[in-house]
Amino acid sequence: ALGRLQDALTLSQRAVEMGERSGNGEHLSNALARLGGTYTQLGSPEKAIPIFERGAAAGHRAGYDWIEAANYSGLSTAYRNLGNTRIALEYGQKAAQSLGNYLRVKSIEWSRGGPEGRAGLRALERSYIVALCWGVGWNHFSLRQWEPARETFQKVLNGGTRLQLPFVMGQAHWGLGAVALRQTDFPT
């Protein structure tokens, strides 16, 4: 957040080492996601890719869908930055699917968990909607897959409206407008 990416890189590498020593798959996967994100921010997506792959595998083995999804989202961003939108879409879809699965598993449990449970559920729903928007909707758009992009942005708008997330709603409207422009689907 402070723009001190070299410090972030050093600290992320230490976090990975600590996660490896602890044997805790959740911590390792989370640390790998942060390290991969730092490499991506440094403009080295090719270095980030094997790190995110390792993080997704560690998250999957440990049974942490939400961290696995964070690594898939990182892979989507890294491949998009390298200009490989088809692979970026595949990983964006995996991220959304992992989050959707986790959301289905946790929704009943967390909805009964009082204010803390509901706050956790809201955060998870937000993560799912964001993954749909950027990992799926915009990648479909980049591939000129207008109808899947439109359907995804509509889902994002519905979710953003339900959760009252203005920024997400704005992104969904922007996506829907961009698709309509490409399809020359103007209101009359």
Cα-based shape type of region 1-96, given that a ≥ b ≥ c are square roots of the gyration tensor eigenvalues and the cut on a/c is 1.5
oblate
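Please sort by residue number the chymotrypsin sites (Phe, Trp or Tyr not before Pro) in region 80-111 whose DSSP state is loop and whose Cβ has at most 16 other Cβ atoms within 10 Å. Show your work: numbers first, answer last.
Working: sites: Y91, Y102, W110; in loops: none.
Within region 80-111, no chymotrypsin sites (Phe, Trp or Tyr not before Pro) qualify (loop, at most 16 other Cβ atoms within 10 Å).
Counting only protein heavy atoms, what percent of the accessible surface of the chain is carbon or sulfur at a 1.4 Å probe?
Numbers: 5490 of 10430 Å².
Percent of accessible area from carbon and sulfur atoms in the chain: 53.
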Whole-Hz ³J(HN,Hα) from phi, Karplus 6.51 cos²θ - 1.76 cosθ + 1.60, for region 138-144, glycine and proline x:
6, 6, 4, 4, 4, 8, 6
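Rounded to the nearest 500, what is the chain's calculated 222 nm mean residue ellipticity when only DSSP H runs of at least 4 contribute -39500 (n - 2.57) each, over all residues?
-27500 deg cm²/dmol
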Assuming 1.306 mPa s and 10 °C, estimate D for the chain with Stokes-Einstein, Rh taken as the Kirkwood radius over Cα pairs, in µm²/s.
92 µm²/s
Using θ = phi - 60° and Karplus 6.51 cos²θ - 1.76 cosθ + 1.60, couplings along region 67-75 (whole Hz; Gly, Pro as x):
7, 4, 5, 4, 5, 5, 4, x, 4
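Might you report the magnitude of the Cβ-based charge dipole of the chain about its Cα centre, with Lys and Arg at +1 and Asp and Glu at -1, to the nearest 20 debye? Before the final figure, lay out the partial values.
On the way: 21 positive and 15 negative charges, 40 e Å.
Value, rounded to 20: 200 debye.
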Using the C-alpha atoms of region 124-180, what convex hull volume per residue, in cubic angstrom, is computed?
55 Å³
Sort out the exposed loop trypsin sites (Lys or Arg not before Pro) in the chain (DSSP loop, at most 14 other Cβ within 10 Å) and tell me the longest stretch that has none.
5-111
Rounded to the nearest 0.05, what FRET efficiency do R21 and T184 give with R0 = 41 Å and r taken as the Cβ-Cβ distance? Could you check?
0.10
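The values are calculated or read from the model by the stated rules, or taken from the named source; none is laboratory data. In this text, all values refer to a predicted model and were calculated from it rather than measured experimentally. Here Cβ is always computed from backbone atoms with ideal geometry, including for glycine, and neighbour counts include all displayed protein chains. Note: areas computed on protein heavy atoms with side chains; ligands, DNA, RNA excluded. Shrake-Rupley method; radii C 1.70, N 1.55, O 1.52, S 1.80 Å.
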